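Single-structure report; data block below.
The values are calculated or read from the model by the stated rules, or taken from the named source; none is laboratory data. Predicted model, so just to flag it, every value in this text is computed and none were measured. Cβ coordinates were reconstructed from backbone atoms using ideal geometry, including for glycine residues, and neighbour counts include every protein chain displayed. Note: accessible area is taken over every heavy atom of the protein model, side chains too, but ligands, DNA and RNA are not part of it. Shrake-Rupley method; radii C 1.70, N 1.55, O 1.52, S 1.80 Å.
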Amino acid sequence: STQSTGVGGKYYQATGDGYTVKSGGEAWVKGSSYTPSFTYDNTVWYYKDGYKTSGDIGFGTTSYTSKDKAMYWCVRNPICNSVHYTNKKYHLRSGTKVTEAENDKAWTYGTSKVDFTKVALPVAGGMWNPRPGYKLGSPLEKKKTYKTLPLAAKACLGHPKCSGIMYTTKTKTYTIHGSDQVSSGKGYIAYPKKYVCDGNCKVTKKGKVLSIDLKYCFKVHRMEISNKANCCSKNTGKVVIKNGSKTCASLTMNGKTSAMKLDCASGAVGTKITMTFANIGDINLVGLGLVVEGSDAC
């Protein structure tokens with residue numbers, strides 16, 4: 001026999017080694033251990049109590065007080081393969097091997113149905129769309145490779161023609177590329193660059209509120225607002241500028257104001273900028289300049 005089962009206060013020997021759910025029953029398989037699993041966020045997770053995983057991610061937020069949030073970000077980061085709970089926090093880990101650790105907990109993930117076309121991953125101040133199983137065209141620097149994703153992201157952001165990064169599994173290296181167009185490729189991970197407002201910021205007006213949809217999560221550092229001035233406007237009033245729920249600045253603007261530059265002292269993080277005017281009659285925004293940084297804090 002390979003299996004013993006406990007049902008109705010008695011123990012039975014069985015020849016099978018597969019598990020099925022039975023209320024009130026328990027089962028033990030000879031020569032094996034059972035790893036509980038569950039599905040969260042379209043992903044299968046395996047749980048090990050009293051174990052840990054290791055391996056630093058190397059960038060971004062890697063520790064959370066919420067298990068669900070840690071799992072959400074882990075499965076959307078191709079470098080992350082597990083979540084490790086220790087010292088009252090959940091940590092993203094790159095490793096899959098579990099080792100014994102008293103009072104710790106570990107989760108590794110298996111199959112996932114997360115749609116990577118909708119994922120935006122902040123790295124080195126930029127925003128990227130990780131695409132496992134896809135590749136980019138020819139690299140910008142034929143003989144230049146990078147050992148880590150942050151190094152490659154920094155190089156790409158500093159190159160005027162760079163539009164994406166690619167990881168090659170065989171060499172375990174990253175390259176930077178001039179195109180963000182992906183094609184199917186086993187053994188590769190493409191990271192096309194994502195832009196604020198997908199490269200086309202538009203202002204929408206509703207009552208006294210102007211809004212700009214940034215599309216992705218960004219921390220705003222500075223803004224420049226251009227207004228089409230009317231020749232004889234006397235209207236003036238206060239405007240409160242926010243990114244997400246945090247106030248970026250509160251100032252006075254009128255119809256004669258042609259342009260304003262301001263620092264967002266709070267480092268406000270969000271996916272939408274709103275400008276609420278006390279008097280919007282003569283305000284006609286025609287330009288918006290932003291200095292931003294990709295964020296995972298939304």
Where a Cα-Cα gap under 18 Å defines reach, which aspartates and glutamates qualify for residue 272, not counting those fewer than 8 residues away within the same chain?
-> 198, 213, 224, 263, 293, 296
Given 37 °C and 0.692 mPa s, how large is the Stokes-Einstein diffusion coefficient of the chain in µm²/s, with Rh as the Kirkwood radius over Cα pairs?
-> 144 µm²/s
HN-Hα J in Hz across region 114-123 - Karplus 6.51, -1.76, 1.60, θ = phi - 60°, x for Gly and Pro | 5, 7, 6, 5, 9, 8, 10, 10, x, 9
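Considering only Cα-Cα distances, which of the following residue pairs are longer than 26 Å: 97/144; 48/170; 69/113; 142/186; 48/147?
Going by Cα-Cα distance, 97/144; 48/170; 48/147 fall outside the 26 Å limit.
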Taking trypsin sites (Lys or Arg not before Pro) that fall in a DSSP loop and have at most 10 other Cβ atoms within 10 Å as cut points, what is the longest piece of the chain between them?
-> 235-298
Quick one: order 68, 41, 263 from most to least accessible surface, probe 1.4 Å.
-> 263, 68, 41
Starting from the Cα coordinates of region 106-218, work out the convex hull volume and express it per residue in Å³.
-> 156 Å³
Evaluate the distance, in nm, between pseudo-label points positioned 7 Å from the Cα of residue 96 and of residue 262 along their respective Cα→Cβ axes.
-> 5.0 nm
Residues of the chain: accessible area per residue at 1.4 Å, in Å²?
-> 57 Å²
Specify which residue in the list 203, 150, 50 is farthest towards the positive end of the charge dipole of the chain, using unit charges on the beta carbon of Lys, Arg (+1) and Asp, Glu (-1), about the Cα centre.
-> 203
Under 5 Å, built H, 5+ apart or other chain: amide partners of residue 126 = 294
Per the rule of 0.36 nm per residue minus the C-alpha distance, extending residue 41 to residue 200 adds in nm 54.2 nm
Charge dipole (debye, nearest 20) of the chain; +1 at Cβ of Lys and Arg, -1 at Cβ of Asp and Glu = 780 debye
Relative contact order of the chain (C-alpha contacts under 8 Å, at least 6 apart) in percent is 13 percent
Compute the convex hull volume of the Cα atoms of region 60-159, divide it by the residue count, and report the result per residue in Å³ as a whole number.
-> 128 Å³
So what are region 148-196's ellipsoid semi-axes, whole angstrom, largest first, if each one is the square root of 5 times an eigenvalue of the alpha-carbon gyration tensor?
-> 18, 13, 8
With Cβ to Cβ distances under 12 Å as the rule, what net charge do the other residues near residue 204 carry (K, R +1; D, E -1)?
-> +3
What are the residues whose amide H is under 5 Å from the amide H of residue 264, where those residues sit 5 or more places off or on another chain and H is modelled from the backbone?
-> 222, 223
